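Notes follow the structure.
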Amino acid sequence: MNEHYYYGTGRRKTAVARVRLYADSGPIIVNGKPVEEVFPWDSWLQQVNEPFRVTDTAGKLRVVAKITGGGVVSQAGALRHGISRAMLVMDPNLRQPLKRAGLLTRDSREKERKKYGLKRARKAKQYTKR
């Protein structure tokens, strides 16, 4: 089985999505399961399908992805980023609509590390005057 595919890596927080994009029509498979099983909520599915909606390629491409790390929302964001990057490799002409929709920008927000002497990154013990 020597099929040609386009590759893209998507990241969001600690989630990493390794995405393969095939030029034939078919389902989106995530970690060996259909996408509806992995992301059952509508908002998650909309986020995953956004690159297809923006580029009018819904149903024309097949996606196989492996996602590790992060939570469900973070994984959905990583998959969206990975699909967008793979589309760019497939067809550089799709850069403008993807860029305009903000799908090529990696969301760089990460959890801030906890500091010693504090309860969280910035939450300190409550100060008492007397």
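Values for this structure:
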quantity	calculated
Any hit, the range 33-51, residues being of a type outside the set (D, E, K, R), surrounded by fewer than 21 Cβ atoms within 10 Å (Cβ to Cβ) and touching a Gly at 6+ places or on another chain (Cβ under 7 Å)	yes
Residue within the range 105-120 that is closer than 22 Å to Y5 by Cβ and in contact (Cβ under 8 Å) with a residue 24 or more places away in the chain present	yes
Failed condition for A78, given (1) at pLDDT 95 or above; (2) in a loop (DSSP other than H, G, I, E, B)	(2)
Any hit, the range 74-88, residues being in contact (Cβ under 8 Å) with a residue 40 or more places away in the chain, surrounded by fewer than 18 Cβ atoms within 10 Å (Cβ to Cβ) and not small (G, A, S)	no
Flag for G69 being at positive phi, at pLDDT 95 or above and not polar (S, T, N, Q)	yes
Conditions (1) free of Cβ contacts under 8 Å to residues at least 40 places away in the same chain; (2) aliphatic (A, V, I, L, M); (3) crowded, with 17+ Cβ neighbours inside 10 Å: number failed by A58	(3)
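The values are calculated or read from the model by the stated rules, or taken from the named source; none is laboratory data. Because the structure is predicted, anything quoted here is derived from the model rather than measured. A quick note on method: Cβ atoms are made from the backbone with ideal geometry, for glycine too, and the neighbour counts reach across all protein chains shown.
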